Amino acid sequence: MKTIHVAEMIAQGGRDGQVESPEGGFAVQLSTDEQPGSVTPEHLFAGAYAACFLGAVENAARKSHLTVNGLTVVARVHLDEDERGGYNLNVDLRATMPGFEETKAQHLLNLAHQSCPYSKATRGNINVTLGTD
């Protein structure tokens, strides 16, 4: 296997701490206060998953000789507490694909879900729902 990219982040202070890149190009203060503008680890995961999944949809379209213009992906990550006090993640991935009929759009989402590294990493561990808007 050939490594394409390595990312490193530093976390301090847990869910109410800070996450930053070692070179200083990215830093975010985390907060669990649920106020508008607050950022949680789930926001970071949602953003990363949405970006990766969008690339996988574009790749699936390209391999299917299709062009997708105006594609957007929204990832909604739910942090849930189970009956034993443990925590689980659930993800809802919603794509907007102008000009695509529902069946073709869903097919591309399914193809992307097979190749996206985030989908592969989470498969069997968290529930991921795919859909279109």
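Computed from label points 7 Å out along Cα-Cβ, the spacing between Ser38 and Lys63 is 4.0 nm. Taking only the C-alpha atoms of segment 1-74, Rg followed by Dmax gives 16.1, 47 Å. Of all chymotrypsin sites (Phe, Trp or Tyr not before Pro) in segment 1-86, which ones are in loop regions per DSSP and have a Cβ with at most 12 other Cβ atoms within 10 Å? Answer in residue order: Phe26. Take every DSSP beta bridge whose two residues both sit in the chain; close to 75 percent of them are antiparallel.
If you take every residue apart from Leu111 with its C-beta less than 14 Å away from the C-beta of Leu111, what net charge results, scoring Lys and Arg +1 and Asp and Glu -1? Overall, the nearby charge balance is +3. The chain gives an Rg/Rh value of 1.01, both radii derived from C-alpha positions and Rh following Kirkwood. Counting other C-beta atoms within 10 Å, and keeping those with at most 13, which DSSP coil GluC sites (Glu not before Pro) do you find in segment 1-47? Qualifying residues, ordered by number: Glu8, Glu23, Glu34.
All of the numbers you see were taken from the coordinates with simple rules; none came from a lab. The structure presented is a predicted model; accordingly, all values stated were derived computationally and were not measured. Here Cβ is always computed from backbone atoms with ideal geometry, including for glycine, and neighbour counts include all displayed protein chains.
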